[in-house]
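Since the structure comes first, as C-alpha cells, the remarks are kept for the end.
The values are calculated or read from the model by the stated rules, or taken from the named source; none is laboratory data. Just so it is clear, the model here is predicted, and its values are computed rather than measured. Cβ sites come from the backbone with ideal geometry, for glycine too, and all protein chains shown count toward neighbours.
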C-alpha cells in the first residue's frame, strides 16, 4: 500500500499531520504510537491556521531521513534544501503552505472551524493536501 493511501485511511480518526507522519513511521524506525504522539500538535496549522499539518509532518519525515546530529554545516544545508524543494513542489500544486489559505477558513476561530466542517472542507480539500505531501515524500526517498 502506498503511504498516501495509508495516510488517507488514518485521516479523520487522526489529524492531517498524524496521518502523514505516522504513515512513514516504519520506514523511519519509530513505532506508530510514537509517530502519532509526535505529530499530534501540528494538525490544523498547529491549531492556529498557520503551516498546514501535512506540510509540518513532511518536515518531520525529511528531518528523520536527512537531519543532522553532529552540527555538520553541509548536512544542515542539505536538509534545508530538501525542505525548500518540498515547499516549492507543494506550493506548485496547491498555491500555499498556510492552512487558512489552503482551506479558506481560519481554524483557530471556532465559528470558521464550524463553517469549514459544514462545508466539508476536511472531506474535500484536506485529503488532497495529505496525498500531495505523501506523494512528494515518496518520490524523494533518498
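Numerical summary
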item: All positions within segment 20-37 that are assigned to a helix (DSSP H, G or I) and either out of contact with any helix residue (DSSP H, G or I) (no Cβ under 7 Å at 6 or more places or on another chain) or surrounded by fewer than 19 Cβ atoms within 10 Å (Cβ to Cβ) (or both); result: 26, 27, 28, 32, 33, 34, 37
item: Residues of segment 60-95 satisfying the condition of being touching a helix residue (DSSP H, G or I) at 6+ places or on another chain (Cβ under 8 Å), farther than 25 Å from residue 26 by Cβ and not in a helix (DSSP H, G or I); result: 95
item: Residues located in segment 20-37, provided they are without any contact (Cβ under 8 Å) to a residue 60 or more places away in the chain and closer than 24 Å to residue 100 by Cα; result: 21, 22, 36, 37
item: Which numbered condition residue 126 misses (of (1) modelled with pLDDT of 95 or more; (2) surrounded by fewer than 16 Cβ atoms within 10 Å (Cβ to Cβ)); result: (2)
item: Of all residues making up segment 46-84, the number that are touching a residue at least 60 places away in the same chain (Cβ under 8 Å) and surrounded by fewer than 14 Cβ atoms within 10 Å (Cβ to Cβ); result: 1
item: Single residue of segment 106-121 satisfying the filter (touching a helix residue (DSSP H, G or I) at 6+ places or on another chain (Cβ under 7 Å) and within 20 Å of residue 94 (Cα to Cα)) that is surrounded by the most Cβ atoms within 10 Å (Cβ to Cβ); result: 107
item: Conditions (1) modelled with pLDDT of 95 or more; (2) more than 26 Å from residue 117 (Cα to Cα); number of the one not met by residue 13; result: (2)
item: Flag if residue 130 is part of a helix (DSSP H, G or I), in contact (Cβ under 8 Å) with a residue 24 or more places away in the chain, under 21 Å from residue 59 (Cα atoms) and in contact with a strand residue (DSSP E or B) (Cβ under 9 Å, 6 or more places away or on another chain); result: yes
item: Residues located in segment 1-38, provided they are in contact with a strand residue (DSSP E or B) (Cβ under 8 Å, 6 or more places away or on another chain) and within 19 Å of residue 135 (Cβ to Cβ); result: 19, 22
item: From 17, 40, residue being touching a helix residue (DSSP H, G or I) at 6+ places or on another chain (Cβ under 7 Å), touching a residue at least 12 places away in the same chain (Cβ under 8 Å), assigned to a helix (DSSP H, G or I) and surrounded by fewer than 24 Cβ atoms within 10 Å (Cβ to Cβ); result: 40
item: First in segment 99-119 and at positive phi and free of Cβ contacts under 8 Å to residues at least 60 places away in the same chain, second anywhere and assigned to a helix (DSSP H, G or I) and surrounded by fewer than 20 Cβ atoms within 10 Å (Cβ to Cβ), Cβ under 8 Å, 6 or more apart; result: 104/121
